[in-house]
Every structure is written in structure tokens, then in C-alpha cells.
1. Inspect segment 178-193 for any residue being charged (D, E, K, R) and without any contact (Cβ under 8 Å) to a residue 60 or more places away in the chain and give the result as yes or no.
2. Out of all the residues in segment 185-217, which are open to solvent by 20 Å² or more (accessible area, probe 1.4 Å), under 17 Å from residue 10 (Cα atoms) and assigned to a loop (DSSP other than H, G, I, E, B)?
3. Considering only segment 98-117, how many residues are open to solvent by 30 Å² or more (accessible area, probe 1.4 Å) and over 18 Å from residue 241 (Cβ atoms)?
4. Restricting attention to segment 174-184, which residues are part of a helix (DSSP H, G or I) and either buried (at least 20 other Cβ atoms within 10 Å of the Cβ) or among the acidic types (Asp, Glu) (or both)?
5. Within segment 290-303, how many residues are under 20 Å from the mean Cα position of the chain (by Cα) and touching a residue at least 24 places away in the same chain (Cβ under 8 Å)?
6. Quickly run through segment 277-297 and pick out the residues that are surrounded by fewer than 13 Cβ atoms within 10 Å (Cβ to Cβ) and touching a strand residue (DSSP E or B) at 6+ places or on another chain (Cβ under 6 Å).
7. Does segment 241-262 contain any residue that is on the phi > 0 side of the Ramachandran plot, in contact with a Ser or Thr (Cβ under 7 Å, 6 or more places away or on another chain) and open to solvent by 10 Å² or more (accessible area, probe 1.4 Å)?
Amino acid sequence: MSFSLPASFIDACSAKRAERGFVPLDMLFAALPAATSVAEAQGHARRVARMFNGSNLTHEKIRMASRSGDQEAANLEAWLSLNNICPAPVHALPGERAQSLEQEILADPAGYLARADRPYPYSVNEQHWGFNIDWVNALLERGRTRMKRFAATRQRDVAVLVGNGPSLKQTDLSLLQGQDVYISNYAVSHPALSTVARGVAVSNYFVAEQAPEVFFDLPYWRVLPVGLSHVLRDDENTIWLNALGGPLFFSETPQTYIAWHATVSFFWLQVLLALGYRKVLLIGVDNSYRQPDAVREGTLLRQDEDDENHFDPGYFRGKLWQAADTDHMARTYKLAKTAFEAAGAEIVNCTVGGALESFRRAPLGQEL
């Protein structure tokens with residue numbers, strides 16, 4: 001059932017989704033390969049629909065347009081329902097209620113998940129959601145099973161964790177061939193990194209929601225907070241994790257719960273230590289950002305110009321991103337270093353230049 005979509009079609013659908021909030025039904029069928037049956041054609045269209053119209057926010061935009069008399073949206077809404085492409089079971093929560101539930105789950109993660117009378121809370125800036133707890137537990141159980149499979153396929157004791165800083169342009173990426181390489185966020189669109197990656201992590205809602213199509217049907221592992229399950233849908237390569245905020249901590253058992261703080265690299269480091277890696281080499285982790293002075297961490301910024309903070313000027317161009325706090329990031333790296341050293345493992349900074357000084361520095365080729 002799988003087929004390759006032309007890049008021009010993906011770009012056109014992405015543009016249409018940005019313009020309309022969804023991809024109309026006629027466009028879902030526009031680039032289908034020759035099908036031998038109506039059922040096969042419908043299957044192809046369902047795959048494209050999940051790619052572009054799968055998130056809850058997109059479903060809501062379709063519903064609102066349909067209620068306002070948009071016939072294209074009404075047709076699409078009916079077709080999605082008929083094909084069981086439905087939103088995840090989640091509802092909006094008042095901010096105070098969400099904060100109260102988040103304190104409960106932080107105090108006793110396992111006990112909270114065992115209760116049937118509470119939704120699973122997830123908050124981003126001023127948005128707060130509550131997921132059906134049975135839905136969450138089912139995803140987390142699949143995540144634990146897949147985590148074991150993931151660990152069993154580890155090929156080496158050394159992993160390369162790739163950040164997305166501009167220093168990647170000065171890094172010899174040919175050295176990554178045959179290595180255990182892990183990437184994050186929009187590095188999936190990097191032609192060299194995407195071909196060597198064994199896994200990608202996404203921990204930021206805005207990264208996922210603004211371009212869900214780039215994370216769809218990947219040939220390697222996806223490691224995601226279960227709170228993103230209303231944006232990026234489940235598949236056999238997805239490891240869902242119970243990601244928690246609150247006071248900073250480093251989890252040695254991420255399959256149970258994991259810290260969600262400051263940078264996706266910290267999220268990855270907890271996973272990689274649990275997988276059994278004895279050394280993690282960092283590249284592209286510049287730990288520096290050009291952003292407005294005195295802006296608070298998490299503040300939403302719109303990138304209208306070229307993006308100077310990442311390896312590709314188009315990385316966030318035309319998108320929203322959240323302001324970073326490099327001091328907060330440095331604290332997460334210090335905590336990770338302590339946890340690795342306690343386990344007899346090491347993190348080595350092989351980034352070309354950059355501002356991260358938490359770890360021993362060495363050339364990438366020397367450490368592989």
C-alpha cells in the first residue's frame with residue numbers, strides 16, 4: 001500500500017494546508033499512482049489524509065469551515081468520518097485544572113496513570129488539554145514494547161546525537177555512515193542526516209503541528225511525548241513516552257517517565273543512556289541563539305527572515321518557534337553529565353565551535 005509522493009505534491013499540500021487549514025478531498029486523490037481497484041485508490045487517499053489532515057487542530061478547522069457552509073470542508077469531514085480518520089480523544093482543560101493535574105502526575109506518575117477518573121494533562125503556553133487516560137495508557141504500553149525492540153537493535157556502544165545548529169555546515173557528515181545516529185525535529189528533511197538516522201525525537205508541539213507531514217511514515221524510530229498523540233499519529237515505529245515537566249530531573253527509566261525540559265537533546269540523552277550506549281557524541285549542538293533581548297523562554301516568535309540559528313536558513317522561516325534559554329539548557333546538560341558518569345558512560349562534545357562547554361571536547365572522527 002505504501003508509495004512515494006512527488007516532492008512537488010507534498011509542497012503543494014503543505015502550502016494548501018497553511019492557506020486553508022486543511023487539504024481538500026480532491027487534492028488528496030490528485031497525485032495517486034495507478035490503482036488496480038477502488039479499494040486500493042481509497043487506501044492511497046487515506047494515507048495522504050492521515051499525513052496532512054490527521055491532527056486534532058486540523059480536524060477542528062475542517063469542522064468549523066464545514067459549519068460555516070464550506071462545501072469542500074463538509075465533503076472532507078464526511079469522508080474522513082466514513083474512513084475512520086478521527087481526532088484523538090482529548091478535550092480542552094481550564095488552565096488551573098491542568099496545573100493541578102500536572103502536579104498530581106508529577107507527584108506519583110505510575111499511580112496517576114492507574115486512575116480512571118482523571119484525564120492525562122498536557123499544556124503548551126496558554127493551551128491546556130486532557131487526554132482520555134485509557135488512550136494514553138494504551139499508547140504508553142505500545143511504547144514500552146517498542147522500546148525493548150529498539151534497545152535490541154542497538155548496533156554499537158557509541159551513539160551520535162545530532163543537534164540542528166549552524167555548525168553542522170562545518171561538520172563532516174560523511175563520518176556518520178554506518179554509525180548509530182539520532183536526530184531531532186526538522187533534521188528529517190536534511191538529505192544526508194535522514195539517510196543515516198536510526199531515530200528522530202520531537203518534543204515540541206509547535207514543531208510537530210506546523211509540519212506533521214515531515215514526520216509521517218518514516219523508515220526509522222520516532223520517539224515522542226504521548227502528549228503529541230493528537231498531532232502525530234501512532235505507527236509501528238513510534239515510541240510514546242510519559243514526558244513530564246516540573247522541577248528539573250534526569251530519568252534513568254524513560255520507559256516509565258521522562259523529563260521534558262529546555263531542549264530535545266536532553267530528552268534524547270535520557271533515552272540513549274537507557275538504551276545502553278556507553279558514549280554519546282554531540283554534533284551541531286551550538287547552544288547559542290539569536291533572538292530578541294530579554295525574551296522569556298517559551299515565548300512564541302515568528303521567523304519571517306532566514307533562520308540563523310539552524311543549519312538551514314529555511315528551518316523555521318515562515319513558522320513559529322519558542323524562545324530558548326541557553327542557561328536552562330546548560331543546567332540540563334550538567335544533569336545529564338552527572339547521570340552518564342554515574343552509569344560509567346560519557347557525553348563528548350564533537351560540535352565544531354559553538355558555546356556548549358559542559359562536556360569534554362574532541363573531533364568527531366577521533367571518537368568514532
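1. Within segment 178-193 (the criterion being charged (D, E, K, R) and without any contact (Cβ under 8 Å) to a residue 60 or more places away in the chain), the answer is no, since none of the residues qualifies.
2. 190, 191, 216, 217
3. 8
4. The first filter runs over segment 174-184 and keeps only residues part of a helix (DSSP H, G or I), leaving 174-176.
Listed by number, the list holds a single entry, 176.
5. Summing the residues that are under 20 Å from the mean Cα position of the chain (by Cα) and touching a residue at least 24 places away in the same chain (Cβ under 8 Å) in segment 290-303 gives 4.
6. Taking segment 277-297 first, the residues surrounded by fewer than 13 Cβ atoms within 10 Å (Cβ to Cβ) are 290, 292-294, 296.
Once the filter is applied, which keeps residues that are surrounded by fewer than 13 Cβ atoms within 10 Å (Cβ to Cβ) and touching a strand residue (DSSP E or B) at 6+ places or on another chain (Cβ under 6 Å), segment 277-297 yields nothing.
7. Scanning segment 241-262 turns up at least one residue that is on the phi > 0 side of the Ramachandran plot, in contact with a Ser or Thr (Cβ under 7 Å, 6 or more places away or on another chain) and open to solvent by 10 Å² or more (accessible area, probe 1.4 Å).
Per-residue answers, yes or no, for (1) touching a helix residue (DSSP H, G or I) at 6+ places or on another chain (Cβ under 9 Å); (2) modelled with pLDDT under 90:
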| position | (1), (2) |
| --- | --- |
| 30 | yes, yes |
| 35 | yes, yes |
| 41 | no, yes |
| 51 | yes, no |
| 54 | yes, no |
| 64 | yes, no |
| 73 | yes, no |
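The values are calculated or read from the model by the stated rules, or taken from the named source; none is laboratory data. No experiment lies behind these values; they were computed from the predicted model shown. Cβ coordinates were reconstructed from backbone atoms using ideal geometry, including for glycine residues, and neighbour counts include every protein chain displayed. Side chains included, ligands, DNA and RNA excluded: accessible areas come from the protein's heavy atoms. Shrake-Rupley method; radii C 1.70, N 1.55, O 1.52, S 1.80 Å.
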